[in-house]
Every structure is written in C-alpha cells, then in structure tokens.
Amino acid sequence: MTTGPNSPISNGSLIPAIERQVQFALAFIEKLQTQDLRYVVVTEEATEEFNAWKDEFMKGMTWSGPCTSWYVPHKVQEASWLGSEADFAKQVQERLG
C-alpha cells in the first residue's frame, strides 16, 4: 500500500512519493530475505516517538491554527506528510541507509 497515513499526498507530485514508498518496501523485503528474518514488529515506543515528533512539528503548522481546513476538525493531522516531498524523500533515504 502506498499513500497511506502520513504520506505526502498534498505536498507535491504523488509520483516521487509513491516511488520512494515502493523503494522502501522493496529494500525492506530484501532485508527480510537476506538477513533471514521471519517477522518484524513495530514497537509501541517507536510509534509513540514518531507521533510525539509529528505532534510537536504540527504546532507550528497552518493546520494547528484557526483555519477551516478539512484536517483541523480531527485535531490530529494524520493525512499528509508534515514536510515537503523532498523532505519525505530524505527521511526515506536515511532509513534505507
């Protein structure tokens, strides 16, 4: 699945974002196969760390102000990547190593 929660769906072209997500997924599959891993578990700690970073980042963004965007009623922005598509690409590349 691409363009899920916290994807850069409104921050630029979707094509590079989808390419990055597929690149990441393929690298992840390769890691599973070459390191003989049977499963991977995302820890609660990792999820909480990401959400804390996201929530802190959002405090300075338009979505946390008094605008009438469709993002705002939910009080938690989970629909779009917080930065630019270029930032998304950088973040994915850093995790690929």
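The values are calculated or read from the model by the stated rules, or taken from the named source; none is laboratory data. Just so it is clear, the model here is predicted, and its values are computed rather than measured. Heads up, the Cβs are rebuilt from the backbone with ideal geometry, glycines too, and the neighbour counts pull from every protein chain shown.
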### Query
Hey, Ser7 hits all of (1) modelled with pLDDT under 90; (2) loosely packed, with under 10 Cβ neighbours inside 10 Å but one; which does it fall short on?
(2)
### Query
If a residue has to be more than 18 Å from Leu96 (Cα to Cα) and touching a Ser or Thr at 6+ places or on another chain (Cβ under 6 Å) to count, how many in segment 10-47 make the cut?
2
## Note on the structure
Reported set for segment 49-70 where residues are in a loop (DSSP other than H, G, I, E, B) and either of a type in the set (Lys, Arg) or modelled with pLDDT of 85 or more (or both) is Lys59
### Query
Can you spot a residue in segment 27-48 that is under 14 Å from Arg95 (Cβ atoms), among the polar types (S, T, N, Q) and assigned to a loop (DSSP other than H, G, I, E, B)?
no
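Would you point out the residue of segment 5-18, among those that are in a helix (DSSP H, G or I) and in contact with a helix residue (DSSP H, G or I) (Cβ under 9 Å, 6 or more places away or on another chain), that is nearest to Gln91 (Cα to Cα)? Full working, then the answer.
Pass one, segment 5-18, residues in a helix (DSSP H, G or I): 14-18.
Narrowing further to those that are in contact with a helix residue (DSSP H, G or I) (Cβ under 9 Å, 6 or more places away or on another chain): 14, 16-17.
On the way: Leu14: 16, Pro16: 13, Ala17: 11 Å.
Going through the qualifying residues, I end up with Ala17.
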